[in-house]
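The values are calculated or read from the model by the stated rules, or taken from the named source; none is laboratory data. All values reported here derive from a predicted model rather than from experimental measurement. So basically every Cβ, Gly included, is an ideal-geometry build from the backbone, and we count neighbours across all protein chains shown. For the accessible areas, the whole protein counts, side chains as well, though only heavy atoms, and no ligand, DNA or RNA atoms are used. Shrake-Rupley method; radii C 1.70, N 1.55, O 1.52, S 1.80 Å.
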Amino acid sequence: MTDSALPPKPSTTPVGEVLAQCKRGFWLVFGLCFTLEMLSLAPIVYMWNAFDRVMASRSVITLVSLTLLIIGVYVFWTALEWIRGRLMVRLSLRIDWDLASDIFDAAFRRVAGRQNVNVQQAMGDLLELRQFLSGKGVLALISAPFALVFIVFGAAFHPYLAVFSLASALVMLIAAKANQHLTNSSLKASNDANHEATRLAAMVLRHSETTQALGMMPAMRRRWHQQHRQFVNLQVNASDGAGSGSGLTSFLQHSFGSLGMALGLYLAIEGLITGGMVMAASMLISKAVSPLQQLIAHWPAIVKARQSYDRLNALLASDTKPADAMALPPPTGRLTVVALAGAPAGALRSVVSDINFTLEPGQALAIVGPSASGKSSLSKLLVGAWRPAAGSVRLDGVEISDWNADELGPQIGYVPQEIEFFEGSVAENIARLGTVDPESVVHAAVLVGIHDTILGWPKGYDTLLGDAGFALSGGQRQRLAIARALYGKPNYVVLDEPNANLDEVGEQALIDAIRQLRSQGVTVIVTTHRPRLIGVVDYMLVLKAGRQVGFGPPKELFEAVKRAHPPAELSPQPSPQPSVQPSLQPTPPQPSPSAAALVAAAQPAASLIAA
């Protein structure tokens with residue numbers, strides 16, 4: 001086959017490097033394939049001798065001897081096939097063991113970095129490659145060169161038979177090339193369209209409640225069906241091309257069998273070969289074209305495996321693994337933010353910039369500001385979910401985005417704005433799917449006041465959550481997420497809108513929890529639209545349009561605002577959006593914002609604190 005049908009040099013690609021580590025196993029498979037192909041000549045030799053010796057001598061002893069010998073060959077043949085099958089399965093499992101974790105991590109990092117990746121397709125590609133390496137497709141590739149062995153063996157009968165076998169093999173090779181030309185592009189397009197349709201269907205199912213409630217099902221169905229119909233059309237085109245190649249292969253196979261028999265009979269009539277050789281020659285010609293015929297039959301699987309191989313290589317080659325670093329002690333919570341700017345991956349400009357503040361262990365900060373001011377973006381920068389575009393976020397002097405996430409994650413707490421729970425029990429979700437420490441789970445639940453609520457659920461802490469699990473209200477989800485963030489007694493906690501769905505009782509429990517965390521030396525950062533939380537923090541940072549408007553103790557900020565504007569200007573307004581103000585403590589002075597801008601950002605909180 002052409003070079004495009006074969007994988008590139010193993011050492012040049014991530015997957016190829018793993019395959020190269022298994023080269024001894026693959027060489028053993030190749031040796032077994034060669035031995036089995038040689039054993040496949042045994043029925044031909046048996047047929048030849050049965051007709052030329054047994055029939056001529058009418059010797060039953062010769063017949064029994066030949067038959068026992070061929071049965072022994074078949075037993076050995078079967079044993080080698082069994083060994084080859086088990087070896088191929090274990091080679092494919094070795095590939096899975098070595099690549100599965102890296103592929104999962106690479107796909108996770110691309111999703112976390114807001115890069116385009118289909119996680120289901122990535123894991124499906126690994127499955128496709130593993131099944132190919134343990135199936136008949138790879139055997140078709142390995143066996144293709146052995147067609148030459150049967151051609152050479154045919155020459156031992158008569159040169160004409162070798163020439164005919166060679167011509168047959170060349171014709172089959174041309175047919176295989178034509179089949180490749182007809183199916184490669186259409187198969188690739190079909191597979192890509194299928195993966196896209198599957199991804200779209202998964203997205204619809206993931207948001208099924210919203211889709212149904214808003215009457216979006218017909219529109220989503222049209223989008224999915226359009227993609228699905230494109231896949232079906234491409235698959236039909238690919239099947240038509242493959243069917244044409246298969247039909248041509250079938251015609252050639254049948255024709256070569258009869259033509260080979262006719263050639264053998266002609267040579268027998270001329271006295272150039274014996275009658276037994278006629279039957280053997282016919283079988284040899286079939287064996288000469290059979291590997292190429294198998295190659296054509298398994299070509300779609302070969303193409304899919306090659307596409308999976310290329311996609312996995314592209315995924316792994318583009319992945320940046322975190323560098324190994326020495327384990328660090330748990331953070332104490334000292335946070336320093338200097339000239340911080342950041343944006344989601346792929347964004348052309350920063351969504352937050354010029355952020356500067358410092359917090360010591362046990363201090364609490366409220367980040368406030370209008371909607372779309374950058375509060376959630378800043379939260380993601382503060383926990384290392386986003387890498388800074390400029391400046392730094394240092395936790396205990398270490399850049400937080402450079403800290404090993406697997407090491408740091410269990411030692412900090414974080415509540416995102418969009419809360420999701422995983423398949424598992426309530427206790428497992430609070431314990432972050434790790435080993436459940438019942439005492440720590442209950443402590444976190446009690447701290448946020450949800451312990452009694454959990455005991456009232458169907459199975460208490462063993463109640464299952466997830467897509468098909470127990471349905472939680474918005475407030476329950478939020479309090480459970482806070483409990484998850486506080487599991488393990490972290491010294492650094494970032495809560496993004498933790499009271500957005502809480503009632504008065506839940507909000508009071510959150511306030512009490514923040515007070516207790518501060519008394520234990522925990523650094524707490526809260527983003528909020530509600531002014532009530534501002535009364536329990538040490539500092540307030542106000543954001544507006546992604547920039548720091550002010551920073552300092554809440555009462556001092558509002559006193560400054562009151563001095564600049566009469567109290568009437570601070571009367572409560574219907575528009576909620578508490579905000580906090582950044583003042584650059586350790587950094588050079590910057591132009592102060594206008595008092596009007598600070599008032600607009602801080603009005604709701606000011607009225608509550610002043611009261």
For a Förster distance of 45 Å, can you work out the FRET efficiency between the beta-carbons of GLU420 and ALA339, rounded to the nearest 0.05? 0.85
Over the heavy atoms of TYR160, what accessible area does a 1.4 Å probe trace out, to the nearest 10 Å²? 130 Å²
In the range 278-306, whose amide N lies under 20 Å from the spot 7 Å out along Cα-to-Cβ of ARG199? List them in ranges. 304-306
If R0 = 60 Å, then GLU270 and SER101, at their Cβ-Cβ distance, give a FRET efficiency to the nearest 0.05 of 0.35
Potential extension, ALA56-GLU556 segment - 0.36 nm per residue separation minus Cα distance: 168.4 nm
Ranking TRP386, TRP48 from most to least accessible area with a 1.4 Å probe gives TRP48, TRP386
If you count only protein heavy atoms and use a 1.4 Å probe, how large is the accessible surface of ARG86, to the nearest 10 Å²? 100 Å²
Using a 1.4 angstrom probe with every protein chain in place, what is the largest-first accessible-area order of ILE450, ILE419? ILE419, ILE450
Using a simple spin-label model with points 7 Å from Cα along the Cα→Cβ vector, what separation in nm is obtained for THR35 and TRP457? 5.8 nm
Can you pull the one-decimal nm distance between simple spin-label points at ALA372 and ARG394, each 7 Å off the Cα toward Cβ? 3.6 nm
With every protein chain left in place and a probe of 1.4 Å, what is the accessible surface of ARG484, to the nearest 10 Å²? 30 Å²
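Once fully extended, how much extra length lies between PHE76 and ALA178, figured as 0.36 nm per residue of separation less the alpha-carbon to alpha-carbon distance?
Extra length available between PHE76 and ALA178 comes to 33.0 nm.
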In what order, largest first, do ARG387, ARG229, ARG110 sit by accessible area if the probe radius is 1.4 Å? ARG387, ARG229, ARG110
